[in-house]
Every structure is written in structure tokens, then in C-alpha cells.
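Working notes, beginning with the structure itself.
The values are calculated or read from the model by the stated rules, or taken from the named source; none is laboratory data. Note that the coordinates shown come from a computational prediction; the quantities given were computed from them, not determined experimentally. Please note: Cβ atoms are built from the backbone with ideal geometry, for glycine as well, and neighbour counts cover all protein chains shown.
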Amino acid sequence: MLNSTKHLTLLLTFVLTNIFFTQRAGNSIIAGENSIFSIEKFELVQNLIVVKVKLAGNQTQDFILDSGCESVILDENLKTTENNEAIPIKVKGAFGESIGFLTSLDFLEFANVKFANVPIVRTDLSNLKKVVPNVAGILGKPVFNQLAIEIDYKENFLTLHDSSKLLKNLSNTKISKISFKSLSNPSAIPVFEGNNDFGATDFIFDTGFQGNLLVINKTNTEILEETIKCSGLNAEILASEKDFANVSIDEFDFAEVSGIFSKQIQTVNNKNVSVIGNQLLKNYKVFFDFPNSSIWLDESVKN
């Protein structure tokens, strides 16, 4: 049984993750001060970004890079060399909740960047394995909090940047910037204010979503046939196909987007939420710069 001090220490560590970097020299693709930590090839499996992650004991596993996941998650059935204490915790997925165990890994390495004493949640990934059979875990927002991640969908490359240097370089370009309000809770998923055909909505940029656009709206009265099955971390739902003429965030306009619509998903405070996924993001080179409360979209590579 954990005492209260150990509970508090582990939970605080979960929120305030300390990450230690090793840097590798590289040539910046953006004119200006070199911001690059490392460059890594990824594989797009069923429209999900799969990367190699090294764990203690020199074992390498497939992880999904997921900007819409609050935690770093590990398959409950994966054996590791650590035997750290664990706390039961609710794991929030896109379509529901499940029970996991909050614990930590002594070591994790992703794209030549080393993470020490990493808080993780162990939970059942059997539903996700239906899509990516070899998946062992999810790299969620704690990774995005520490550095900027550039995703080149065309060439299947990830570039990890020093966020402060990248900000200076991008500020002198025509690449579009979309900002969100700074978060008081570092584990919360960033929300961007915008509009779609139904009116005002919160947007989430989610590399853990395979499709174009998922719109969750409780007030729409349209009756649409639910023919699309969506799989989440811990559940599945049915949704309806719908074309959206208006999808805009900040001053950025996605114009017409084919998406899916659902009333089944329960959102925080019953707000209307729109989730932008990899199918739409593949039209851009995307810079996730959560340390500077922004995402940048490079339209020069748009198909």
C-alpha cells in the first residue's frame, strides 16, 4: 500500500515531467539559427504515426505519436525491467474512460532524445492493436510539452526542435501560425477556438485520429445515417459522413472538408468539439510548438 507522501510525489511527477535531452547536430531546413535536436523516420500505419521507442533493457518497441493523448501510455501486458509502484487511475479516451495504473519508467529514448524517470500510465491497448497490431504504447502530450515537433507527412520524417529557436526562425516566414491560450494544467490537451458549419467550436489537433475531421455537436438537429465506425483507445462509436463548407481556426481557413459527425461522444462541459486528424494534416508540413502555445501549418507542401 502506498502512503500519502508517495502518492503525492508520483502524481506531481506525472504533471511536472523532467526530461533530459541529448542533442545531435543537424542542418536546419529553415533559414536561421539551428534549432534541431534530431531527425527521425516514421511509418504511417493505418494513418497513424508509428515511431520506434527504446526502453530500459535495450528493447525497442512501436509507439504511436499522439498529440491528443494526455499521457505517455504503455501496454499493460508489456514486460519491462522496472518494478515501480503503481496507482490506479482513470484513463480518458476519445470515446470513454478505462482504468489504468500510474507508474514510471526509468528510461525512454525517442529519436535520440533521452527521457529519464518518465511518468507513464499502463492500460489495456487491445482495442488499439486492432488497428496497429504491434503497438506497445503511446507518446502523448508530455513529449509535446518539452520540445517542438515538426511532422513531414510527405517524406515521413519527424524533426525535433528547440522550441525557442524554432519560434524565431518561423516568425520570419509565411508559414501560418495558429495559437491557443496558455494552459494552467500542463497535462491538458490544447484547445483552439474556431468555427464550423454549426457555429463556434473548440478544435483539437490530434495525430492519434486517423481521419480528416470529427465534429462533436449536441445541438445539431440534422438526422444523418450513422454508417462510419470510429475506434478509440477504449471504445468504438458510430458516426455520420458530412461535408463541411466552413472550417476555420484563428485566421486560418481549411475551406471545404469532408468529415464525420457524432452526437454520441461526451465532451467536457458538453461543449462542441472538432478534432482535426492526420488525413487533413497530411496536406501540410505541421509544426507542433506547444511550449509556445501554437501550431504552424506550412501550405507550400499542400497536395
Residue 128 passes all but one of the listed conditions (1) modelled with pLDDT of 90 or more; (2) in contact with a Leu (Cβ under 7 Å, 6 or more places away or on another chain); (3) surrounded by 20 or more Cβ atoms within 10 Å (Cβ to Cβ); the exception is number (1)
Of the residues in region 139-174, those that are among the β-branched types (Val, Ile, Thr) and surrounded by fewer than 18 Cβ atoms within 10 Å (Cβ to Cβ) come to 173
Over region 41-72, the set of residues in a strand (DSSP E or B) and touching a helix residue (DSSP H, G or I) at 6+ places or on another chain (Cβ under 9 Å) is 44, 48, 49, 64, 65
The number of residues in region 190-205 that are part of a loop (DSSP other than H, G, I, E, B) and surrounded by 20 or more Cβ atoms within 10 Å (Cβ to Cβ) is 1
Of those in region 161-182 that are of a type outside the set (S, T, N, Q) and part of a loop (DSSP other than H, G, I, E, B), the residue nearest to residue 298 (Cα to Cα) is 175
Of (1) among the aliphatic types (A, V, I, L, M); (2) within 30 Å of residue 245 (Cβ to Cβ); (3) in the same structural domain as residue 54 (by TED's automatic domain parsing), residue 136 fails just (2)
Flagged in region 100-152 as β-branched (Val, Ile, Thr) and not in a strand (DSSP E or B), in numbering order, are 131, 132, 143
Note: among 208, 232, 194, just one is at pLDDT below 90 and among the small types (Gly, Ala, Ser), namely 232
- Query: Is one or more of the residues making up region 103-118 in contact with a helix residue (DSSP H, G or I) (Cβ under 6 Å, 6 or more places away or on another chain), assigned by TED's automatic domain parsing to the domain that holds residue 41 and surrounded by 18 or more Cβ atoms within 10 Å (Cβ to Cβ)?
  - Reply: no
